[in-house]
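The values are calculated or read from the model by the stated rules, or taken from the named source; none is laboratory data. Because the structure is a prediction, the values reported are computed rather than measured. No Cβ is skipped: glycine too gets one built from the backbone with ideal geometry, and neighbour counts run over all protein chains shown.
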Amino acid sequence: MEIRIFDSDLEKLIKNLEKPTIAKVLRTFDLLEKFNFNLKEPHSKKVARNLFELRTRGEQEVRIFYTFHKSQIILLRGFIKKTQKIPKREIKMALKIIEGLD
């Protein structure tokens, strides 16, 4: 299954991470591409009906929301985790993107 990045903001986020974190994020992308729907914790977690969270641990904890759409994995939004809970604003924005995909 092909991975597609939804917009340039996510690309910018990834490029501005520390080098070891970039490597971990790219490794997590490889796992997602290989295991698709079968990727589970600690790498992936279901957040909502059609929304999943790709989790990268390390000094910088990165979360990237993604969805499955028309035989593609679409990476929607990303952020550096600073609190235990996912910000509701981030979830709402990712869900809004999903609505617009069809």
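Details
- Contact map, the stretch 69-92: first residue within 20 Å of THR28 (Cα to Cα), second residue of a type in the set (Gly, Ala, Ser), Cβ cut-off under 6 Å, separation 6 or more or different chains; pairs are LEU76/ALA94; ARG77/ALA94.
- Residues of the stretch 75-102 satisfying the condition of being surrounded by fewer than 16 Cβ atoms within 10 Å (Cβ to Cβ) and among the β-branched types (Val, Ile, Thr): ILE80, THR83
- Sole exception among (1) at pLDDT below 95; (2) within 22 Å of GLU2 (Cβ to Cβ); (3) surrounded by 15 or more Cβ atoms within 10 Å (Cβ to Cβ); (4) among the charged types (D, E, K, R) for ARG63, by number: (1)
- Residue check, LYS40 assigned to a helix (DSSP H, G or I), farther than 24 Å from ASP102 by Cα and either touching a Cys at 6+ places or on another chain (Cβ under 6 Å) or not polar (S, T, N, Q) (or both): no
- The residue that is farthest from ILE86 (Cα to Cα), counting only those in the stretch 34-69 that are touching a Lys or Arg at 6+ places or on another chain (Cβ under 6 Å) and among the acidic types (Asp, Glu), is GLU61.
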